[in-house]
1. So in the range 398-440, with the set limited to residues that are in a strand (DSSP E or B) and not aliphatic (A, V, I, L, M), which one is most open to solvent (accessible area, probe 1.4 Å)?
2. Only residues that are touching a residue at least 60 places away in the same chain (Cβ under 8 Å), open to solvent by 40 Å² or more (accessible area, probe 1.4 Å) and under 19 Å from the mean Cα position of the chain (by Cα): list them for the range 355-380, please.
3. Of the conditions (1) in a helix (DSSP H, G or I); (2) closer than 26 Å to ASP42 by Cβ, LEU128 clears all except one; give me its number.
4. Search the range 237-283 for residues being under 28 Å from ALA294 (Cα atoms) and polar (S, T, N, Q), and hand back the single one that is farthest from the chain's Cα centre (by Cα).
5. When only residues in the range 130-160 that are within 22 Å of ASP219 (Cα to Cα) and among the acidic types (Asp, Glu) count, which is least open to solvent (accessible area, probe 1.4 Å)?
6. Mind checking whether some residue in the range 340-351 is modelled with pLDDT of 95 or more, over 18 Å from ALA294 (Cβ atoms), more than 26 Å from the chain's Cα centre (by Cα) and open to solvent by 50 Å² or more (accessible area, probe 1.4 Å)?
7. Taking the range 189-220, which residues are out of contact with any Asp or Glu (no Cβ under 8 Å at 6 or more places or on another chain), under 24 Å from ALA133 (Cβ atoms) and of a type in the set (A, V, I, L, M)?
8. Which of the following residues is at pLDDT below 90 and either within 24 Å of HIS242 (Cα to Cα) or among the β-branched types (Val, Ile, Thr) (or both): ARG82, ARG30?
Amino acid sequence: MSPSQLPSLARQTLLAPLDQRGRAAEVEQRLADAIRGGAFRDGEQLPSEAELAAQLGVATVTLREALVGLRRRGLVQTRRGRNGGTFVRAPEEEAEARLLAHLRELTVDDLRDLADHRVAVAATAAQLAAERASEADLARVDEHLGGLSRAATAAERRAADGRFHVELAAATRSLRLTQAEMQAQTEAGALVWLAAGADGAQRALAEHRAILDAVRERDAERARSLMAAHVAAELDAVVALHLRQIEPDAAPVLDRVCNVLEEVFDRLQELRRLVVALPAAPPREALAPIRDWAHALLADDEVVAGAGMVFAPGAVGDAPRWLEWWRRSRAGTVRFLDAALDPASPDFYDYERAEWYTTPRDTGERWVAGPFVDHSGTNEHILTLTLPVVRDGAFVGVAGADIGVGRVEAIAGAALAAIAPPAALVNHRGRVVATNAARWPVGTLWPGAVGGWPPTDESAVVQRDPRLPWCVVVER
């Protein structure tokens, strides 16, 4: 793959047709990510409205609405006349401020997820390149080592770094792997160099050389290991930079979190009363009060990402199983969760086995489950808060609300930032929910969690609150 092909591939990956049509905010965000990620140069003209709308799979009127949003952000400008059109505005002198603003919009959970994907793609590419690359392939990869050593600006260093990784992926002869590497470079490449520090170029050059040496020697496992360590360290630096951007607040972490969760549980009490007031075994058309409640909650409460009622089997008159569940999309619109509820379906959503359902059903108590990846339902990394709903002594189901894991950082991050790291908000199973240290990112298990939780030795200070079965752990 020649360097001239790289921007085109980045655009194909980032601007692939959207799953949901007619969503101007989603189109706007996709294009904003492409511009901030460097898929378009400053001053470059975007494709025509008709062409770009077709590529994204949306109506032209939707694209125009998205472009209005991009102009409002200052990412594009429109010129009239014979040589007019829509042009990208991404001047190099504003790049650092723009990237820092973008980094603040992300969460540790976003970055950890990006790092996981980036390591998986890059390490696999290095391993397969060691098995498949020709001498001509390796010569092309080597050219970009020279490009990195000669680079004089941040933009040149980033370009040479990205081309090294993409050329190595292309040497595997895997189109999907190459596209995945290109997408990862577009999403993370600029952030990596923002966090690289003064010696970033020399460190990257040395690590690239070691990886290429392993590939040349056909040592696939060493190539994989070196690449995984290289990419993981780069993203750790990005997480550390992100954490440094959070303004500290000395408020107690658990008090802050519990107060927010109590407000959500209060709203779930409202839903429980609505459900109990419904007739026994109501038909689905009688569930409008639940829908109205969920829409109002999602319109009012930025913390909650989804909410509704999960009915026990047989509790709805005209459906064996039913979820009256609504969620907020990335674009801010409220959508019904159309889950597969037929046990014969290959993607059956078996909610009767979920902790957030079984614990309230069996104990009669409210519960906070997660964080977990709800791959069969919302397809998001979430916490789920639930209350049991009982009518005349019979279990009807659970009233619940989802909170995106990233929202917990907004709640707890400032308070954690006021504690000397490493410290973390940890759930009842020892899994990190929010953190102030790059070495213990969200979603990982705190050391010792496998052998029992919480720690009882002198390795950490544990802070608790009776309202929540979580704790704050501060490493000594």
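1. As a first pass, look at the range 398-440 and keep what is in a strand (DSSP E or B): 398-404, 423-426, 431-435.
Narrowing further to those that are not aliphatic (A, V, I, L, M): 400, 402, 404, 431, 435.
Values: GLY400: 0, ASP402: 9, GLY404: 17, ARG431: 82, THR435: 10 Å².
By that ranking, first place goes to ARG431.
2. Of everything in the range 355-380, just one residue is touching a residue at least 60 places away in the same chain (Cβ under 8 Å), open to solvent by 40 Å² or more (accessible area, probe 1.4 Å) and under 19 Å from the mean Cα position of the chain (by Cα), namely GLU380.
3. (2)
4. So, considering only residues that are under 28 Å from ALA294 (Cα atoms) and polar (S, T, N, Q), the one farthest from the chain's Cα centre (by Cα) is GLN269.
5. Residues of the range 130-160 that are within 22 Å of ASP219 (Cα to Cα), as a first pass: 130-145.
Filter once more, so that each one left must be among the acidic types (Asp, Glu): 131, 135, 137, 142-143.
Working: GLU131: 107, GLU135: 123, ASP137: 7, ASP142: 64, GLU143: 116 Å².
Step by step, filter the range 130-160, then rank; the result is ASP137.
6. Within the range 340-351 (the criterion being modelled with pLDDT of 95 or more, over 18 Å from ALA294 (Cβ atoms), more than 26 Å from the chain's Cα centre (by Cα) and open to solvent by 50 Å² or more (accessible area, probe 1.4 Å)), the answer is no, since none of the residues qualifies.
7. LEU205, ALA206, ALA210, ILE211, ALA214, VAL215
8. Details: ARG82 fails: either within 24 Å of HIS242 (Cα to Cα) or among the β-branched types (Val, Ile, Thr) (or both).
ARG30 is the lone residue from the list that is at pLDDT below 90 and either within 24 Å of HIS242 (Cα to Cα) or among the β-branched types (Val, Ile, Thr) (or both).
The values are calculated or read from the model by the stated rules, or taken from the named source; none is laboratory data. These numbers were taken from a predicted model, which means no experiment stands behind them. As a convention, Cβ positions derive from the backbone with ideal geometry for all residues, glycine included, and neighbour counts pool all protein chains shown. For accessibility, only protein heavy atoms count, side chains too; no ligands or nucleic acids. Shrake-Rupley method; radii C 1.70, N 1.55, O 1.52, S 1.80 Å.
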